[in-house]
Each structure stands twice: as C-alpha cells, then as structure tokens.
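Beneath this line is the structure, given in structure tokens, with notes to follow.
The values are calculated or read from the model by the stated rules, or taken from the named source; none is laboratory data. Not measured: the values here are computed from a predicted model. No Cβ is skipped: glycine too gets one built from the backbone with ideal geometry, and neighbour counts run over all protein chains shown. With ligands, DNA and RNA removed, areas are computed over all heavy atoms of the protein, side chains included. Shrake-Rupley method; radii C 1.70, N 1.55, O 1.52, S 1.80 Å.
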Amino acid sequence: MRSKIRKPRRVLMAGLVLILTVWVLMQLYTVLFDRELPGNAERSLYEVVNLNMRMLEGATQRASKATTSADWNEWKTNVYAASFAHERLIQAVGGKTLPKLPSLQQIEDYITIAQISGDKPLSEAERKMAAEAVGLMAQICQKYEGIMNMNGQLISSKIEELAFAEKRLQHMLILTADAEK
C-alpha cells in the first residue's frame with residue numbers, strides 16, 4: 001500500500017522540479033538573449049524626441065507670427081527641449097548613427113540674442129528668419145518622424161534625408177546671420 005502512495009508523490013515531485021527547471025531556464029534565456037527591452041527603450045526615447053520635434057514645429061509656426069521678442073519664449077523652450085532630447089537619443093543609439101542637429105542650438109542662440117535687451121519689437125530680419133524657419137522645421141520634423149521603425153531600428157535612408165534637411169536649415173541661419181551684420 002505504501003508503494004502506491006510514494007509513486008504518485010515521486011511523479012508529482014519530478015513534475016514540479018521539471019516545471020521549475022523550465023521556468024528558471026526561460027528566465028535565464030530572457031535575461032541573456034532577449035534584446036527586446038533595449039530596443040523598446042530606444043524606441044520609447046525616440047517617441048519622446050519625435051513628440052518634442054512636433055511641438056517645436058508648432059512653436060515655430062506661432063513664432064513666425066510673433067511681433068515681440070517675448071513672444072518667442074515658447075519657441076525657445078521647445079527648441080531647447082527638442083535639442084536636449086535628441087542629444088539623449090544620440091547617446092542611447094550611439095553617436096555615429098544619428099546626426100547632431102546644430103541648427104537647433106543656433107536657433108536657441110538667435111532667440112537669446114534677440115531677447116537680450118528685453119522685450120522689444122522684432123525687426124524685419126528677425127520676423128523673416130522665423131517665417132523661413134517654419135518650412136524648414138516642418139521638413140526636419142517630417143524626416144525625423146521616419147528615422148526609426150517600430151522595432152527600434154534606425155533607417156539609414158531617412159537619417160540621410162534628416163541630415164540634408166538639417167543642413168538646409170543651418171545654411172538659412174548662416175545666411176540670415178550674415179545679412180544682419
């Protein structure tokens with residue numbers, strides 16, 4: 001009678017040990033080989049940057065209709081936020097993969113210079129620069145939207161298009177600065 005009780009217990013214990021072993025091996029595999037989490041983190045950071053870029057696009061549109069330098073406060077804040085978030089994405093994916101966006105810093109500097117003497121009416125050149133920035137910023141935002149797929153992998157052709165749009169904005173800012181001298 002005793003041997004009949006021990007046999008089901010042994011089977012039950014062997015089954016529990018097998019289930020625990022499989023569970024531990026699955027956990028170990030997930031930790032060692034499953035690379036989904038870093039990709040998701042990069043994708044999430046990309047979505048934050050993309051949102052900041054969209055907000056910057058809207059702020060640039062509103063800045064083009066501004067009449068005083070104080071009206072550019074929102075634009076300056078959004079330029080800084082987009083630039084900061086983009087730099088963090090560059091660090092997350094590796095510095096050689098994504099281009100830097102120096103035109104964002106140039107816009108921030110331009111706004112700071114315009115605001116240095118306090119709230120003042122914008123000059124014709126300042127209003128013209130903001131108006132020209134609208135179209136170029138829209139291009140950058142459009143290109144930025146497609147640089148990463150849903151799996152968190154960067155798309156090199158879209159990155160090249162982003163870099164080209166960035167160069168156009170940078171060139172416009174240089175021409176504006178030269179015209180004001």
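Assorted remarks:
- Only helical runs count toward this figure. For the chain, summing -39,500 (n - 2.57) over DSSP H runs of n ≥ 4 and dividing by all residues gives -27500 deg cm²/dmol at 222 nm.
- Length-normalised contact order for the range 18-97 - Cα pairs under 8 Å, 6+ apart - percent: 34 percent
- When the Cα atoms of the range 127-181 are aligned to their principal axes, the ranges along those axes come out at 47, 16, 11 Å in descending order.
- The Rg/Rh ratio for the chain, using Cα coordinates for both the radius of gyration and the Kirkwood hydrodynamic radius, is 1.38.
- Here's the picture: charge each Lys and Arg Cβ at +1 and each Asp and Glu Cβ at -1 in the chain, and of L122, N151, A63 the one pushed furthest to the positive end of that dipole is N151.
- Mean separation of Cα contacts under 8 Å, 6 or more apart, over the residue count of the chain: relative contact order %: 25 percent
- Taken per residue, the accessible surface of the range 48-131 reaches 50 Å², heavy atoms only and a 1.4 Å probe.
- Order by protection proxy (mean Cβ within 10 Å, highest first), peptides 24-31, 43-50: 43-50, 24-31
- By the rule of a C-alpha distance below 25 Å, with chain neighbours fewer than 8 residues away ignored, the lysines paired with K158 are K96, K100, K143, K167.
- Euclidean distance of C-alpha centroids, the range 105-152 and the range 54-84, integer Å: 7 Å
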